[in-house]
Amino acid sequence: MVRLHADPDRCRGTGQCVFVAPDLFDQDDGPEYKVIILDPEPASSQLLLATRAVLACPNLALTVSDG
Amino acid sequence: MEQLEVPKMPWKRTNGFHPPEGFAQLREGPPVRVRLPNGQVAWLVTKHADVRAVLSDPRVSAKDSQPQFPMLIDLPPGEGMFSFLRMDDPDHGRLRRLLTAEFTMRRVNAMRPGVEQAVDDLLDAMVEAGPAADLVKDFALPLPSQVICQLLGVPYEDHEFFQDRSAAVLDLAAPPEEVGKAMGELGGYLAALVAEKVRTPSDDLLGRVAAAIPEERLTERELVDMALLLLVAGHETTANMIALGTLTLLQEPGRWAELHADPSLIGSASEELLRYLTIVQFGLARTLLEPLTVGGVTMGAGEGLIASIASANRDGAHFPDPDSFGLGREQGQHLAFGFGMHQCLGAALARLEMNIAFDRLTARFPELRLTIPLEDVPFRYDQFVYGIGSLPVTW
């Protein structure tokens with residue numbers, strides 16, 4: 001089991017995570033369009049996508065941890 | 001000075017589809033100092049991991065007023081050109097935040113019907129006049145130009161004027177005074193346009209951001225610079241990705257047919273083209289606010305560096321068999337849009353335009369082919385944004 005975390009202070013609303021994994025991430029309604037994690041404990045079938053989204057964040061706002 | 005021993009930055013390509021030779025060898029070792037064509041010396045960062053690290057490090061500055069900032073585009077000195085692209089926080093954040101709403105995935109997805117219509121109209125016109133066309137002039141350039149004009153609220157009737165000036169600004173072979181003149185003319189044009197939007201609010205990007213001027217979130221001057229950045233960045237880049245991307249897809253027999261047969265491959269084809277072609281060909285210029293150790297080398301405060309995203313995207317440590325183009329490649333983290341706080345604001349829009357363009361082109365022109373030999377294709381070796389100047393095709 002892994003857990004997704006977002007640091008709202010780092011997030012700049014670029015939406016890269018939403019592009020990579022639209023089932024796992026969304027953006028709020030502004031004004032800064034910060035990340036919303038839709039599924040903080042993604043199923044193993046979504047792990048690869050989750051990891052790619054974490055790495056895709058240009059502002060290093062996303063992390064993934066065990067358990 | 002030790003500068004006499006500094007090697008030149010690899011600059012000249014020997015193959016239109018690959019970065020200059022020399023980068024592969026540079027990636028074997030730590031970052032080195034190189035000399036740019038204008039004589040400046042800067043650190044050259046070439047590995048994927050290192051490029052990612054420097055572009056996301058707050059000790060690395062994008063401010064072009066720093067004395068050792070590597071000038072890849074030789075511009076006469078001036079304030080604010082390229083807007084927040086060449087600023088650090090807090091000014092960068094203050095200005096860029098005014099645009100976040102305009103480029104969210106949701107907003108960009110809502111532009112899909114308009115982009116599809118623009119693509120279909122341009123391709124209809126090509127068919128009408130065909131069966132021969134210059135894919136650059138007739139499709140790849142007008143598409144993003146129309147899209148960015150509509151988004152910003154810039155009259156598309158003026159496209160010849162700003163396409164011509166944008167090209168001059170990004171032509172590295174042009175003398176600085178010509179670049180300055182083109183910048184000045186574009187700036188004058190946009191200043192008049194922005195002044196109008198301040199007087200009479202309009203429901204377009206420039207109109208909406210102009211509403212923030214009375215709230216003192218930006219000045220009218222800053223909006224003019226922002227408009228210039230968005231206009232130039234918004235059409236040159238996407239235009240060249242569509243044209244050079246099409247040429248790349250036509251190189252290997254069967255590749256175009258594969259996309260025609262299975263349009264679900266288009267999205268990953270666009271990503272692989274972004275990686276493989278990396279049209280911001282000379283990299284991203286930065287300076288160091290503090291000493292920084294990159295790849296085992298400590299660079300000094302104030303020194304300039306170039307993060308070569310084209311080299312990073314060919315790093316075998318991140319992309320297996322990096323110099324081959326693969327439609328089925330496992331997606332890595334390509335850096336074609338940059339990384340860090342300055343990563344391309346319009347990435348989602350660029351992807352949307354590319355995906356629709358390649359989808360419709362392969363659907364409607366399954367027999368698309370060049371009418372000139374590859375060696376006659378005018379590659380844009382001296383342009384800040386790499387690509388091709390024309391692409392004569394038939395179908």
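Counting only lysines at least 8 places from A:Lys34 when in the same chain, there are none with an alpha carbon closer than 20 Å to its own.
Computed log10 I(q)/I(0) for segment B:272-395 at 0.15 Å⁻¹: -0.91, from the Debye equation with unit scatterers placed on every C-alpha and solvent omitted. Rounded to the nearest 20 debye, the dipole magnitude of segment B:302-373 is 300 debye, with +1 charges on Lys and Arg beta carbons, -1 on Asp and Glu beta carbons, and the Cα centre as origin. The ranking of B:Asp315, B:Asp321, A:Asp26 by Cβ neighbour count inside 10 Å, starting from the fewest, reads B:Asp321, A:Asp26, B:Asp315. Would you mind checking the pairs B:Lys63/B:Lys197; B:Lys8/B:Lys181; B:Lys63/B:Lys181 and listing those with alpha carbons more than 25 angstrom apart? Checking Cα-Cα distances, B:Lys63/B:Lys197; B:Lys8/B:Lys181 exceed 25 Å.
For the protein assembly as shown, the spread of Cα coordinates along the three principal axes comes to 60, 54, 53 Å, biggest extent given first.
Take the convex hull of the alpha carbons in segment A:2-61; its mean projected area over all directions comes to 3.5 nm².
Kirkwood hydrodynamic radius computed over segment B:1-144 comes to 19.7 Å, based on all pairs of distinct alpha carbons.
Taken one residue at a time, the phi angles of segment B:267-273 give Karplus couplings (6.51, -1.76, 1.60, θ = phi - 60°) of x, 6, 5, 4, 5, 5, 5 Hz. Gly and Pro are set to x.
Quick check on the exposure proxy: order B:Thr371, A:Thr14 from fewest to most C-beta atoms within 10 angstrom. Please list the in-between numbers first.
Details: B:Thr371 12, A:Thr14 28.
Fewest to most other Cβ atoms nearby, the residues stand as B:Thr371, A:Thr14.
Computed from backbone phi, the HN-Hα couplings of segment B:41-49 come to 10, 8, 6, 10, 9, 10, 8, 4, 5 Hz, rounded to whole numbers (Karplus: 6.51 cos²θ - 1.76 cosθ + 1.60, θ = phi - 60°; Gly and Pro given as x).
Placing unit charges on the Cβ atoms of the charged side chains and taking the dipole of segment B:22-394 about its Cα centre, the candidate lying farthest along the positive direction among B:Ala257, B:Phe69, B:Thr200 is B:Phe69. Once the cut-off is 27 Å, how many percent of the Cα-Cα pairs in segment B:22-394 end up in the long-distance tail? Roughly 49 percent, once rounded to a whole number.
No value in this document is a laboratory result; all are computed from the given coordinates. This is a predicted model, so every value here is computed, not measured. Cβ atoms come from the backbone with ideal geometry, glycine included; neighbour counts cover every protein chain shown.
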